[in-house]
């Protein structure tokens, strides 16, 4: 069953050119995508192709100009507790402890205090931070803060999890550790996840499918199935099949880059 259906989505912005005159910038055009229930799907493509724009539309942080987006076969609602988003920045409240940051979404939902604390404890244990519940964000490492951000979203139990390059700001070792951690968490709850990334390896490791986008205006150019066994571990990066998929995706990116350069030569 399709969790999300996007058809002929178009998004334009009004910008000023170098002469100060207003003109339209089309970021998404003829954007079509189906995301299955419980699927882990990554959006991959050149910088500026509209990956984050589409994610923001799904999150209710932006609007689209044309087309149709259905969630659970109903028109996309601008506001919904059934969607959670994790940004590259941690977006934690510095004056709240870790446990109280986790309780924030539950407070908005008006969940009783005792139940909030029970749920928050469960997800802190899930991300391995139960011993840090009374610490403040500034007392945690970057990787730990991102775990808290993920746990906070999971705690209010959204059906759809939107992740916009959540590990991009982390060092390589922490990033790889959290990739495996995210897979472990996903195996428990099997949320539908749409994950924006610029990393080919990250997309392959995490995903059931990778949706490769064209350069701006962004559209889905190719859907790449990732037929690697689950549950996935760090060792799978060294497999021949992983290398084969990586080569194919890299060639896609290279061809897209050449097309951009060729287009620029005629401007």
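The values are calculated or read from the model by the stated rules, or taken from the named source; none is laboratory data. Quantities reported herein were computed from a predicted structural model and do not represent experimental measurements. Counting neighbours? That spans all protein chains shown, and the Cβs are built from the backbone with ideal geometry, glycine included.
Just the residues that are in contact (Cβ under 8 Å) with a residue 40 or more places away in the chain and out of contact with any strand residue (DSSP E or B) (no Cβ under 7 Å at 6 or more places or on another chain), please, taken from the stretch 182-192. The answer is 183, 184, 185, 187, 188, 190. Exactly one residue out of 164, 159 is touching a strand residue (DSSP E or B) at 6+ places or on another chain (Cβ under 7 Å), surrounded by fewer than 23 Cβ atoms within 10 Å (Cβ to Cβ), under 30 Å from residue 13 (Cα atoms) and modelled with pLDDT under 90, and it is 159.
Being crowded, with 22+ Cβ neighbours inside 10 Å, at pLDDT below 90 and in contact with a helix residue (DSSP H, G or I) (Cβ under 8 Å, 6 or more places away or on another chain) narrows it down to one of 124, 154, so name that one.
Working: 124 fails: at pLDDT below 90.
Exactly one residue qualifies, and that residue is 154.
The single condition among (1) farther than 25 Å from residue 250 by Cβ; (2) crowded, with 17+ Cβ neighbours inside 10 Å that residue 36 does not satisfy is (2).
Please pick out the residue among 8, 88 that is touching a residue at least 40 places away in the same chain (Cβ under 8 Å), under 15 Å from the mean Cα position of the chain (by Cα) and surrounded by fewer than 19 Cβ atoms within 10 Å (Cβ to Cβ). Result: 88 is the single residue among 8, 88 that is touching a residue at least 40 places away in the same chain (Cβ under 8 Å), under 15 Å from the mean Cα position of the chain (by Cα) and surrounded by fewer than 19 Cβ atoms within 10 Å (Cβ to Cβ).
If I ask for residues that are in contact (Cβ under 8 Å) with a residue 60 or more places away in the chain and out of contact with any helix residue (DSSP H, G or I) (no Cβ under 9 Å at 6 or more places or on another chain), which ones from the stretch 247-260 would you list? Reasoning before the result, please.
At the first step, the residues of the stretch 247-260 found to be in contact (Cβ under 8 Å) with a residue 60 or more places away in the chain are 249, 253, 256-257, 260.
Listed by number, the residues that qualify are 256, 257, 260.
Among the residues examined, residue 94 does not qualify as touching a residue at least 24 places away in the same chain (Cβ under 8 Å) and surrounded by 17 or more Cβ atoms within 10 Å (Cβ to Cβ).
Out of all the residues in the stretch 126-148, which are part of a helix (DSSP H, G or I) and closer than 22 Å to residue 176 by Cβ?
Our first condition is that a residue be part of a helix (DSSP H, G or I); within the stretch 126-148, this holds for 126, 130-132, 137-139, 142-148.
Passing the criteria: 126, 132, 142, 143, 144, 145, 146, 147, 148.
Per-residue answers, yes or no, for (1) without any contact (Cβ under 8 Å) to a residue 12 or more places away in the chain; (2) surrounded by 15 or more Cβ atoms within 10 Å (Cβ to Cβ):
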{"residue": "194", "(1), (2)": "no, yes"}
{"residue": "216", "(1), (2)": "no, yes"}
{"residue": "223", "(1), (2)": "no, no"}
{"residue": "238", "(1), (2)": "yes, no"}
{"residue": "245", "(1), (2)": "no, yes"}
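Test of understanding: among 68, 133, 73, 103, which residue is farther than 21 Å from residue 196 by Cβ, in contact (Cβ under 8 Å) with a residue 40 or more places away in the chain and surrounded by 15 or more Cβ atoms within 10 Å (Cβ to Cβ)? Quick ask: steps written out before the conclusion?
Working: 68 fails: surrounded by 15 or more Cβ atoms within 10 Å (Cβ to Cβ); 133 fails: in contact (Cβ under 8 Å) with a residue 40 or more places away in the chain; 73 fails: surrounded by 15 or more Cβ atoms within 10 Å (Cβ to Cβ).
Going through 68, 133, 73, 103 in turn, just one is farther than 21 Å from residue 196 by Cβ, in contact (Cβ under 8 Å) with a residue 40 or more places away in the chain and surrounded by 15 or more Cβ atoms within 10 Å (Cβ to Cβ): 103.
So, residue 105, is that one touching a strand residue (DSSP E or B) at 6+ places or on another chain (Cβ under 9 Å) and closer than 11 Å to residue 149 by Cα or not? For residue 105, the condition - touching a strand residue (DSSP E or B) at 6+ places or on another chain (Cβ under 9 Å) and closer than 11 Å to residue 149 by Cα - is not met.
If you filter the stretch 225-236 down to residues that are within 19 Å of residue 175 (Cα to Cα), surrounded by fewer than 15 Cβ atoms within 10 Å (Cβ to Cβ) and in contact with a helix residue (DSSP H, G or I) (Cβ under 8 Å, 6 or more places away or on another chain), you find that the one that is modelled with the highest pLDDT is 231.
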